[in-house]
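The values are calculated or read from the model by the stated rules, or taken from the named source; none is laboratory data. Values in this document were obtained by computation on a predicted structure and should not be read as measured data. So basically every Cβ, Gly included, is an ideal-geometry build from the backbone, and we count neighbours across all protein chains shown. Heads up: the accessible areas ignore ligands, DNA and RNA and are worked out on the full protein's heavy atoms, side chains in. Shrake-Rupley method; radii C 1.70, N 1.55, O 1.52, S 1.80 Å.
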Amino acid sequence: MKLQQLRYAWEIARNDLNISQTANSLHTSQPGISKQIRALEDELGVEIFTRKGKHLSRITTAGEAILQTAGEILHKIDSIRSLADEFRDQTQGSLSIATTHTQCRYVLPPVISQFIEKFPNVALHMHQGTPQQIAASAADGVANFAIATEALEWYRDLVMMPCYRWNRAILLPQSHPLCEESKLSLRQIAEFPIVTYNFGFTGRSKLDEAFKAQGLQPQVVFTAADADVIKTYVRLGLGIGIVAKMAYDPVVDADLVAVDASHLFEASITKIGFRRGTFLRSYMFDFMEMFAPHLTRDLVQAVTATASNAEAEELFARIELTRH
């Protein structure tokens, strides 16, 4: 059994059983991958994949168990490489972050700027996606960190640590009748068409829960994952916008009126996480502390030493999170 064979099998599963796509991503030949997978199955005496003609159709039950262990082995190999890199040069390497548009656009820029200034030789890679894609990227080792707010049930394979609290703002065209109200209610908002985030993005669940608790059915007429897109359609008069408060820029968005909505919705908490067992390089600890100052190296190491996320959460119980 060769590590290369395990890598091929793992990558095939990640590429939806597409051998051609796997070959391209690994810069090798399709026949070579197929041959190595067959050799691995022959050695193990079980099929990892079932086949339909020349194509792979699904992962077998045995294959699921084998691939899970293979993933753990490959993750350990990556950790060994990172460990060697750390001792060879603590200022060079790469850092991959999987997150949403809101984090990329409105929260991370000053953090990234600070990080680049301190570590100019570390290559940064940003992956945007859905909560499920973000979790998969970090769990599979494609990204070092996952930064997310919604659908945290997807992140059970990761150590997730709270970073900051945030709430929402109501965005209105300057001529909108709600601009004259000093303090908005959910009932008033529900009387107008609403433009907001897709379900599963950027605290959307808190919004839905608030309306449901008051027996209201909001008129959500347009959704998007991107706050800038939401603002565009508010400007077009499609509806009033509900976005993360940090997504409103008083200069760029001066043509819109932002009304604080923190009294209407429960605050959301953004978290950062990584796969348990990951070797964290020095600059990775620095990045986490730049993003959330309370995430010191000592605290993060204490969290990684815990047996479960429930135990980890106890370490944060007395920490006052910053607000965005």
Can you give the alpha-carbon Rg of the chain over 2.2 N^0.38 Å, where N counts its residues?
1.17
Under a 1.4 angstrom probe, counting protein chains only, how are Tyr248, Tyr8 ranked by accessible area, largest first?
Tyr248, Tyr8
Would you please give the FRET efficiency between Gln114 and Lys54, computed as 1/(1 + (r/R0)^6) with r the Cβ-Cβ distance and R0 = 51 Å, to the nearest 0.05?
0.50
Label model pair Asp249, Ala310: point-to-point distance (7 angstrom along the Cα→beta-carbon line) in nm is 4.5
Mind giving me the FRET efficiency for Ser96 and Ser182? R0 is 56 Å, r the Cβ-Cβ distance, nearest 0.05 is fine.
0.80
Determine, for each peptide in 229-238, 155-164, the mean count of other beta carbons within 10 angstrom over its residues, then list the peptides with the highest first.
155-164, 229-238
Beta bridges by DSSP in the chain, antiparallel share as percent, to the nearest 5:
55
Scan around Arg168 for amide H atoms under 5 Å from its own, H built in the peptide plane at 1.01 Å from N, and keep only partners 5 or more places away or cross-chain.
Lys245, Ala261, Ser262
Percentage of Cα-Cα pair distances in the range 152-255 greater than 21 Å, rounded to whole percent?
37
Rounded to the nearest 10 Å², what accessible area does Glu43 have for a 1.4 Å probe in the complete protein model?
100
How about Lys2: which lysines have a C-alpha closer than 24 Å to its C-alpha, ignoring those fewer than 8 places off in the same chain?
Lys35, Lys54, Lys76
Of the candidates Tyr283, Ala210, Leu315, the farthest towards the positive dipole end of the chain (Lys/Arg Cβ +1, Asp/Glu Cβ -1, centred on the Cα centre) is Tyr283
Ignoring everything except DSSP H segments at least 4 long, calculate the 222 nm mean residue ellipticity for the chain; use -39,500 (n - 2.57) per segment, divide by total residues, nearest 500.
-12500 deg cm²/dmol
Just the number, please: carbon plus sulfur as a percent of the accessible area of the chain, 1.4 Å probe, no ligands or DNA/RNA counted.
50
Can you list the aspartates and glutamates whose alpha carbon sits under 17 Å from that of Lys212, skipping same-chain ones fewer than 8 residues off?
Glu191, Glu266
In nm, the gap between the two label points placed 7 Å beyond Cα toward Cβ at Met1 and Arg165 is 4.9
Rounded to 5, the percent of DSSP beta bridges in the range 92-241 classed as antiparallel:
5
Using a 1.4 angstrom probe and counting only protein chains, how large is the accessible area of Thr223 in Å², to 10?
60
Under a cut-off of 18 Å between alpha-carbon atoms, report the lysines in cross-link reach of Lys231, not counting same-chain residues fewer than 8 places apart.
Lys245
To the nearest 10 Å², what's Glu41's accessible area with a 1.4 Å probe?
10
Skipping prolines and chain starts, which residues have an amide H placed within reach, meaning under 5 Å, of the one on Met160, given they are 5 or more residues away or on another chain?
none
Test item: Cα-centred dipole of the chain, Lys/Arg +1 and Asp/Glu -1 on Cβ, debye:
580
Enter the mean projected area of the convex hull around the alpha-carbon atoms of the range 73-215, in nm², rounded to one decimal.
11.4
Please give the per residue accessible area of the chain, computed with a probe of 1.4 Å over protein heavy atoms only, in Å².
51
